[in-house]
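> Okay, handing you the structure first.
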Amino acid sequence: MTIGTFGDISTYMSPSGRYLARTRYRDWDGHARLVQASGTTAKAAERALKSKLAERDLFQPADTRLTPDSLSKTW
């Protein structure tokens, strides 16, 4: 998977009776993470998951690496 994409979505019913939808999402740091959401139906859980993934896609962390040009603070 390329960064910012997700794999196949699987849905199943939990013991509580709610449906869970889950997939792996390739975050901006390159790691694939499990993301899941729930709903009263399988389709509702899938919609909730896709909504969650869309919000996650908007988050692009700032680069926090130090470079030779970085300013240093003395306390």
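The values are calculated or read from the model by the stated rules, or taken from the named source; none is laboratory data. As the structure is a computational prediction, the values presented were derived from the model and not from experiment. All Cβ positions, glycine included, derive from the backbone under ideal geometry; neighbour counts span all protein chains shown. Quick note on the areas: whole protein, heavy atoms, side chains included, nothing else; ligands and nucleic acids left out. Shrake-Rupley method; radii C 1.70, N 1.55, O 1.52, S 1.80 Å.
> Within the stretch 27-43, which residues are within 20 Å of Ala54 (Cβ to Cβ) and open to solvent by 60 Å² or more (accessible area, probe 1.4 Å)?
The answer is Trp28, Asp29, His31, Arg33, Leu34, Gln36, Thr41, Lys43.
> State which residue is nearest to the chain's Cα centre (by Cα) when the search covers only the stretch 6-21 and only residues that are buried (at least 18 other Cβ atoms within 10 Å of the Cβ) and hydroxyl-bearing (Ser, Thr, Tyr).
Looking at residues that are buried (at least 18 other Cβ atoms within 10 Å of the Cβ) and hydroxyl-bearing (Ser, Thr, Tyr), I get Thr11.
> Still on this structure, please answer the following. Counting only residues that are within 10 Å of the chain's Cα centre (by Cα) and of a type in the set (S, T, N, Q), how many does the stretch 22-49 have?
Residues flagged as within 10 Å of the chain's Cα centre (by Cα) and of a type in the set (S, T, N, Q) within the stretch 22-49 amount to 2.
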